[in-house]
Amino acid sequence: MQHNPVAQALAENDILILDGALATELEARGCNLADALWSARVLMEDPELIYQVHRDYFAAGARVAITASYQATPQGFAARGLDEAQSRQLIARSVELARRARDDYQATASSQARLLVAGSVGPYGAYLANGAEYRGDYALPQEEMMAFHRPRVQTLLAAGADLLACETLPSFAEAQALAALLAEFPGAQAWFSFTLRDAGHISDGTPLREVVAFLHAQPQVVALGINCIALEQVTPALQQLSALTSKPLVVYPNSGEQYDATTKTWHSAPSGCTLHDKLPEWRNAGARLIGGCCRTTPQDIAAIAHGCQPQ
């Protein structure tokens, strides 16, 4: 097994800052993502914009870029008339863009901190493009689920991702299939992060303790946690997680606004909270990998990066 990139990065600093939203940042720059492929569409149409967003997040203080492959699967691209080879080229491009942004940023940065590229592996529910990644109300036999994820996992690793981000997972059965698939790539490492029904259950209703007991025993899973959830859900879930595992905990919630998967629009929530406001709370609850998901910006990441600097 290769060295654990997360452990190496955490040895340099006790908090590993992740990036923030990719898709919503692309929309802010004029991309129309009201589409089943979501940010994967931009891999086809305007890849340099993705490079620029990655570069901006590194400049803001992120030490991990998550690739634009969340919804990038051969099945999804097939609906655009692309064959598997063309689909794999686009998935590999997502890694190449993040790696180039990292290398270009490091060439000009004063800090030589370890910067990582995490290959995004979104759930089967993201391919369905109907909000199922927030419900987990789908089921495939394990072999079929592994077959769905295998081309993307294989391509992300071959293209040079430092680790995988198996993210926004709503389904315990899917997490088990991904862990089994990971074993086919013995040098690979991943974090697993989930959407929640409440502080004690992932979206399909499986108790967090059951999910964590399974993942805690998986040596290739180097961190676990939660993402794409509301800010107010974070601390109670982290407190549960920290009592259940010694693995580093990852958290990257949404900005606090609410997403309507039917209309693909956002509605403001009366939270008044920011990632930076919640940072001390999350650190106290055991979070070690911290970033933002939907509707978060490079400014949000800069704020938490600043908040993690030694005082």
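The values are calculated or read from the model by the stated rules, or taken from the named source; none is laboratory data. The structure presented is a predicted model; accordingly, all values stated were derived computationally and were not measured. Glycine also receives a Cβ, built like all others from the backbone with ideal geometry; neighbour counts cover every protein chain displayed. The accessibility values were calculated without ligands, DNA or RNA, using every heavy atom of the protein model including side chains. Shrake-Rupley method; radii C 1.70, N 1.55, O 1.52, S 1.80 Å.
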(Q) Suppose accessible area is computed on protein heavy atoms with a 1.4 Å probe; arrange Arg99, Arg80 from highest to lowest. (A) Arg80, Arg99
Q: Using DSSP, restrict attention to beta bridges with both residues in the chain and report what percent are antiparallel, rounded to the nearest 5.
A: 20
Q. How much length is gained on full extension from His3 to Ala59, taking 0.36 nm per residue of separation minus their Cα-Cα distance?
A. 17.6 nm
Q) Of all accessible surface on the chain at a 1.4 Å probe, what whole percent is carbon and sulfur? A) 49
Q: Could you point to the residue in Gln142, His306, Thr168 farthest towards the positive end of the chain's charge dipole, with +1 and -1 charges on the Cβ of Lys/Arg and Asp/Glu respectively?
A: His306
Q) When the chain is fully extended, how far beyond the present Cα-Cα distance does Lys264 get from Asp137, taking 0.36 nm per residue of separation? A) 43.8 nm
(Q) How charged is the neighbourhood of Arg55? Take every other residue with its Cβ under 13 Å from the Cβ of Arg55, and add Lys/Arg as +1 and Asp/Glu as -1. (A) -2
**Q.** Solvent-accessible surface (1.4 angstrom probe) belonging to Thr108, in square angstrom, nearest 10
**A.** 100
**Q.** Accessible surface, per residue, of the chain when the full set of protein chains is kept, probe 1.4 Å, Å²
**A.** 39
Q | Shape category assigned to segment 91-189 from the gyration tensor of Cα positions, a/c cut at 1.5 | A | prolate
Q | Estimated FRET transfer efficiency when R0 is 41 angstrom, pair Cys308-Glu45 (beta carbons, to 0.05) | A | 0.70
Q) So for Met146, Met44, what's the accessible-area order with a 1.4 Å probe, most first? A) Met44, Met146
Q: Starting from the Cα gyration tensor of segment 145-266, take the square roots of the eigenvalues, sort them a ≥ b ≥ c, and report rounded, prolate or oblate (rounded when a/c is under 1.5, otherwise prolate if a/b is larger than b/c, else oblate).
A: oblate
(Q) At 1.4 Å probe size, what's the solvent-accessible area of His3? Round to the nearest 10 Å². (A) 140
Q: Calculate the spin-label point distance for Arg100 paired with Ser246, positioning each point 7 Å from the Cα along the beta-carbon direction, and give it in nanometres.
A: 4.3
**Q.** Exposure ranking of Ser110, Ser193 by accessible area [1.4 Å probe, largest first]
**A.** Ser110, Ser193
Q) Looking at the square roots a ≥ b ≥ c of the eigenvalues of the Cα gyration tensor of segment 5-308, which shape do they give, rounded for a/c under 1.5, prolate if a/b is larger than b/c, or oblate? A) rounded
